[in-house]
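Asks: Here you go, one structure.
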Amino acid sequence: MSIAITDSGSGMESQLDYSSQYVSFRVDDQLLGMPVNMVQEVLTEQVISPTPLARAEIKGLLNLRGQIVTAVSLRKRLGLPDLEDDRSMNVVTRVGEESFSLLVDEVGDVINVSGRSMEPVPRTLDPHWRSVTIGVFQLDEGLFVILDVETILNFE
C-alpha cells in the first residue's frame, strides 16, 4: 500500500510506502513484527475479562471503546510459558470482521526495512514457530521475525 501526500506549501508530492514498515514487539526477548497496515492500535495493559472454557491462548475479552476484542496470548500461541507478572502490551489488529489484541511483552518502534530483502524462515527454527512466520530480516540487532498474523489467529 502506498499513499501519496502533497505538501500544500510547495506542491511537491512524496510517497509513504507502508509495505516496507513493520510494527516491532518482543516476546521472550525475540524481536517480532507485523505489517504496520495490519495494526489498528497499540495499548498499554488493559483490563481483560476471563472467558470460561476458552482455549489456553485466549486470555479473555476487553472492551475497547464499546468494541469487544478477543485478547490472545502470543506467548501461549508460540508455545512459551506465561510471565510471572503477566503484564502485557496490546497490539490490536482486525482479521475479517473480528478484532484481536495480541498480548506481547513489550512494543518497540516501527521498523522500515526498505532496501532489505525478506529472507525465508530458517530451517533451524522450531517447527511451530516456522508455521506462524512468513520470513525474517537480518538487522544489526539480530533477526527480525515477521509473523503470519492470519495463521496466528486461526484457531481451527
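Asks: When region 20-44 is examined, which residues are found to be open to solvent by 50 Å² or more (accessible area, probe 1.4 Å) and in contact with a strand residue (DSSP E or B) (Cβ under 7 Å, 6 or more places away or on another chain)?
Replies: If the condition is that a residue be open to solvent by 50 Å² or more (accessible area, probe 1.4 Å) and in contact with a strand residue (DSSP E or B) (Cβ under 7 Å, 6 or more places away or on another chain), then Arg26, Gln30, Met38, Gln40, Val42, Thr44 are the ones that fit.
Asks: What are the residues in region 111-155 that are among the β-branched types (Val, Ile, Thr) and either assigned to a loop (DSSP other than H, G, I, E, B) or within 20 Å of Val95 (Cβ to Cβ) (or both), if any?
Replies: Val113, Val121, Thr124, Val132, Thr133, Ile134, Val145, Ile146, Val149, Thr151, Ile152
Asks: Has region 51-59 got any residue that is in a strand (DSSP E or B) and among the hydroxyl-bearing types (Ser, Thr, Tyr)?
Replies: no
Asks: Residue check, Val47 against (1) open to solvent by 40 Å² or more (accessible area, probe 1.4 Å); (2) in a helix (DSSP H, G or I); (3) not charged (D, E, K, R), all met but one. Which one?
Replies: Against the list (1) open to solvent by 40 Å² or more (accessible area, probe 1.4 Å); (2) in a helix (DSSP H, G or I); (3) not charged (D, E, K, R), Val47 comes up short only on (2).
Asks: (1) part of a loop (DSSP other than H, G, I, E, B); (2) within 16 Å of the chain's Cα centre (by Cα): which one isn't true of Thr70, the others all being true?
Replies: So Thr70 meets the others, but not (1).
Asks: Working only within region 91-106, note down all residues that are surrounded by fewer than 17 Cβ atoms within 10 Å (Cβ to Cβ) and either β-branched (Val, Ile, Thr) or in contact (Cβ under 8 Å) with a residue 60 or more places away in the chain (or both).
Replies: Val95, Glu106
Asks: Condition first: modelled with pLDDT of 90 or more, in contact with a helix residue (DSSP H, G or I) (Cβ under 8 Å, 6 or more places away or on another chain) and not charged (D, E, K, R). Can you find one or more residues in region 57-70 that meet it?
Replies: no
Asks: Give all pairs with beta carbons closer than 9 Å in which a residue from region 19-35 that is over 10 Å from Val107 (Cα atoms) meets a residue that is surrounded by fewer than 20 Cβ atoms within 10 Å (Cβ to Cβ) and of a type in the set (Phe, Trp, Tyr); count only pairs at least 6 apart in sequence or on separate chains.
Replies: What qualifies is Tyr22/Phe137; Gln30/Trp129; Pro35/Tyr18.
Asks: Still on this structure, I have one more. Please go through (1) within 19 Å of Asn37 (Cα to Cα); (2) open to solvent by less than 80 Å² (accessible area, probe 1.4 Å); (3) among the polar types (S, T, N, Q) for Ser88 and return the number of the only condition it doesn't satisfy.
Replies: Unmet for Ser88, out of (1) within 19 Å of Asn37 (Cα to Cα); (2) open to solvent by less than 80 Å² (accessible area, probe 1.4 Å); (3) among the polar types (S, T, N, Q): (1).
The values are calculated or read from the model by the stated rules, or taken from the named source; none is laboratory data. Just so it is clear, the structure is predicted and the values come from calculations on it, not from any experiment. Cβ: placed from backbone, ideal geometry, glycine included. Neighbour counts: every protein chain shown. Note: accessible area is taken over every heavy atom of the protein model, side chains too, but ligands, DNA and RNA are not part of it. Shrake-Rupley method; radii C 1.70, N 1.55, O 1.52, S 1.80 Å.
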